[in-house]
Amino acid sequence: MQFLYPRGISHLSDFLHPRDRLRSISFLKAHLSSADSSDRKAFLRPDRSIDMQSVYLYTPRLHPPQWLLLATILCGIAGLVALLLYSYLHLRPSRELSRLRQLADGAFEGIVLCHDDQILDVNLAFCVLLGLSAHALHECTLTQLVVPACRKALESALRAATFTPIEIEFRTGAGTVCPVEIRSQPIKYVGKPAMFLAVRDISERKRSQHRIDHLIHHDALTNLANRVLFQDRLQHAMAEADRTGQPMALLYLDLNRFKSVNDLLGHAGGDDVLVQTAARMQEATRRVDTVARLGGDEFAVVQPRCLTPQGASTLATRLTHLIQQPILIGPRSVSVGASIGIALYPQDGASAEALLQNADLALYRAKQVRGSSFCFFEPNMDHRLQERRALEIELQAALQNNQLHLHYQPLFTAGTLHLAGFEALLRWEHPQRGSIPPMEFIPLAEETGLILPIGRWVLLTACREAARWPRPYRIAVNVSAAQVQHGDLVATVAEALSTTGLSPDRLDLEVTESLFLGDLDAVSTTLHDLKHLGVHIALDDFGTGYSSLSYLRRFPFDHLKIDRSFIRALGQGAQADAIVHAIVALSHSLNLGVTAEGVETKAQLSTLQLSGCDQIQGFLLGRPSSPDALVSLCESGRFDPALPCASAFVPIDLHIAAIGAD
């Protein structure tokens with residue numbers, strides 16, 4: 001039976017009834033060394049009630065051999081306990097080291113324990129990082145693992161704790177370089193001082209930084225140097241020239257006809273042209289040269305160690321030759337040229353800004369030459385540039401201040417010399433400079449975009465003047481390619497006809513072959529919309545630009561105007577005469593009218609009459625004149641040498657010969 005006793009009961013006598021305590025103690029003392037015995041005793045329950053129980057006292061009796069056996073067993077047990085205790089205390093550090101190694105091998109960063117330069121231990125991540133086994137690493141020193149340039153940084157990390165990461169580079173087992181950052185902390189390792197190194201792989205971060213730096217300093221499309229890197233390389237090349245005494249050259253390059261090609265192929269096609277052009281430029285240059293894209297279709301080449309101007313001209317020639325080669329964009333083959341301005345250091349500029357500005361001036365001069373070309377900077381170019389900029393500002397004011405006006409040159413039928421109409425020609429009468437030739441300000445207007453408002457003004461003014469003539473003569477107006485491609489030409493023509501009341505069939509719109517460098521589909525749509533208005537369309541300067549015979553069938557032309565260069569050659573050889581005859585015959589076979597411009601001699605007129613040319617225009621028959629000088633001609637309707645618009649050198653018998661030829 002089990003009882004629960006209160007606290008405080010700790011001796012056997014505490015369980016006995018008071019009346020049996022003395023007798024029980026005497027019983028125990030008397031029988032400890034005697035044989036087994038028994039007795040009944042009164043025990044106290046927890047509730048203090050009496051419970052009578054029998055007590056047996058057993059005293060073991062052992063003989064001497066049995067005592068020896070027991071002692072042996074007890075000694076063995078004690079030795080085993082001592083051995084187990086010793087093993088536990090001895091193997092405890094090894095178990096802790098094993099547990100710590102498991103923790104270290106589970107870390108993502110490399111861990112190195114070292115004493116001075118000697119490696120004591122490494123974790124798995126460090127082995128993987130360097131591609132070496134732990135055994136191989138234990139045979140190396142840290143100094144042997146890092147690249148020579150990083151040894152001083154490593155030594156500083158091994159001398160003291162570094163809480164700020166230090167970047168160094170390790171040499172891997174494969175021979176490659178692995179950039180890392182390390183932190184160090186002194187610790188106790190197996191009771192001895194050591195240095196704990198945490199090693200983090202920063203290869204991906206370095207690659208990201210390299211990509212970012214590359215994007216900062218390179219053009220995203222062509223992968224050439226951008227303006228930032230270009231300025232740095234230019235400054236470096238100038239400093240090298242100052243140090244070595246070897247001159248350098250700066251080539252400033254601009255693509256010809258790129259805008260038209262971009263309109264034709266779209267932005268994706270234009271980008272492809274830029275990429276292929278950039279590759280060709282790199283092919284033409286040396287490794288020490290820097291090819292940069294400054295924006296749009298503008299490029300630059302820094303050419304250090306250019307000992308003579310001949311070296312720069314040789315490079316420019318090589319560049320223009322490669323760039324003007326046909327470029328295949330999908331099924332199309334396009335060709336762009338390049339104009340290059342060259343400035344030499346130090347004679348053409350003492351600073352990078354001045355050198356670039358002077359190369360730009362030379363480029364502007366080169367662009368005035370038709371086709372691909374290059375030009376060296378000359379000191380007087382700065383003066384011409386200032387004049388050009390002043391002219392641009394004055395041209396803007398000329399349109400607002402009514403300084404622009406129109407002259408009209410008559411067109412006659414070739415056979416009868418009857419007046420067929422007039423061509424409106426733009427003139428600029430500058431208040432200080434006087435009359436400025438159209439060849440000076442028309443290209444400037446096209447470059448700056450002023451051609452759009454100027455072209456609209458010309459169209460409205462010419463239609464208004466033609467509507468006042470006493471007879472329904474035709475009026476021809478030149479239209480720029482920019483007006484067709486970028487302006488709302490159809491709406492402008494409709495507005496002019498509606499405002500002035502001019503009949504559409506009296507208006508001829510003359511376009512040049514440069515129009516074909518643009519988006520042909522858009523050009524075709526615009527020209528057909530103009531035809532729907534009822535106007536006539538003429539192709540000016542035929543035979544000198546980019547036209548193809550297929551364009552005569554694709555676009556709704558009504559007339560061809562033979563370029564004056566062919567007319568000027570008439571009578572000077574059978575080849576020129578044959579070309580003019582062929583153009584006239586081709587035009588008539590396509591139901592197109594033919595106008596010859598630039599007729600200045602009787603021989604030219606006679607040849608054109610014999611070839612069957614439809615209309616004649618030139619100084620031989622009439623110069624461009626103001627509207628007031630055309631009154632008599634409009635009333636008579638025939639050529640008359642005595643009229644103010646007629647050329648002063650026209651012989652009086654020309655009219656008689658022409659009448660006889662009717």
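The residues of the range 275-350 expose on average 43 square angstrom of accessible surface per residue, using a 1.4 Å probe on protein heavy atoms.
Cβ-Cβ distance of Glu495 and His528, R₀ of 25 Å, FRET efficiency by 1/(1 + (r/R0)^6): the value works out to about 0.85. In terms of the mean number of neighbouring beta-carbon atoms within 10 Å, the peptides 126-134, 154-162 order highest first as 126-134, 154-162.
Relative protection proxy for 442-448, 491-497, from highest mean packing down: 491-497, 442-448 (other beta-carbon atoms within 10 angstrom).
For the pairs Lys259/Lys561; Lys152/Lys192; Lys259/Lys531; Lys259/Lys602, flag any whose C-alpha to C-alpha distance is greater than 32 Å.
Details: Lys259/Lys561 26 Å; Lys152/Lys192 25 Å; Lys259/Lys531 26 Å; Lys259/Lys602 42 Å.
Too far apart for the 32 Å limit: Lys259/Lys602.
Remark: spin-label model distance Glu378-Lys206 equals 5.5 nm, labels positioned 7 Å along the Cα→Cβ axis. Using DSSP to call loops (not H, G, I, E or B), can you name the trypsin sites (Lys or Arg not before Pro) in the range 230-293 whose Cβ has at most 12 other Cβ atoms within 10 angstrom? Here the sparse-neighbourhood loop sites are Arg286, Arg287. Taking the Cβ of Thr290 as the center, what net charge do the other residues with Cβ under 13 Å away carry, scoring Lys and Arg +1 and Asp and Glu -1? Neighbour charge sum, excluding Thr290 itself: +2.
So, by mean Cβ neighbours within 10 angstrom, what's the order for 316-327, 419-430 with the highest one leading?
Details: 316-327: 17.6, 419-430: 20.8.
Per-residue Cβ counts within 10 Å, averaged per peptide and sorted highest first, yield 419-430, 316-327.
Once the 1.4 Å probe is applied to the protein heavy atoms, the range 102-251 comes out at 56 Å² accessible per residue.
The residues of the range 386-446 present an accessible area of 47 Å² per residue when probed at 1.4 Å with all protein chains retained.
Note: relative contact order over the range 156-206, using C-alpha pairs below 8 Å and six or more positions apart, is 32 percent.
Compared with the rule-of-thumb size 2.2 N^0.38 Å for a compact globular protein, the range 379-426 has a Cα radius of gyration ratio of 1.93.
The values are calculated or read from the model by the stated rules, or taken from the named source; none is laboratory data. Please read these numbers as outputs of a predicted model, since none were measured by experiment. When we count neighbours, we look across all protein chains shown, and the Cβ atoms used for this are built from the backbone with ideal geometry, even at glycine. Surface areas here come from the heavy atoms of the whole protein model, side chains and all, with no ligands, DNA or RNA. Shrake-Rupley method; radii C 1.70, N 1.55, O 1.52, S 1.80 Å.
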